[in-house]
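Everything on this sheet refers to the single structure shown next.
Where a number appears in this text, it was derived from the coordinates with a stated rule and is not lab data. None of these values were measured; they are calculated from a predicted model.
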């Protein structure tokens, strides 16, 4: 089971804070996970497929979308950070 968390504006946009999900066989990396979530749910979930609007971390480390998943990680989706 993958533990998924949604942070900041994504939490409000998607109406979800966290969930646990068994990875379907076709999901081998974080990009495929984002696509799976987007395509299996309606509306605003499509935002997860946009790398300019959503960063992804695995086990608290920001990763490329090609990062492989084993099925027991913590995956976090969040908007790009700004500083000042």
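Before moving on, here are some points about what is shown:
- Within the chain, helix-based [θ] at 222 nm, where runs of 4 or more DSSP H residues each add -39,500 (n - 2.57), nearest 500: -6000 deg cm²/dmol
- Maximal additional length on extending the residue 70-residue 17 stretch stands at 16.9 nm, based on 0.36 nm per residue less the C-alpha distance.
- Histogram of C-alpha separations across the chain, 5 Å bin width, %: 3, 15, 29, 30, 16, 5, 1, 0, 0
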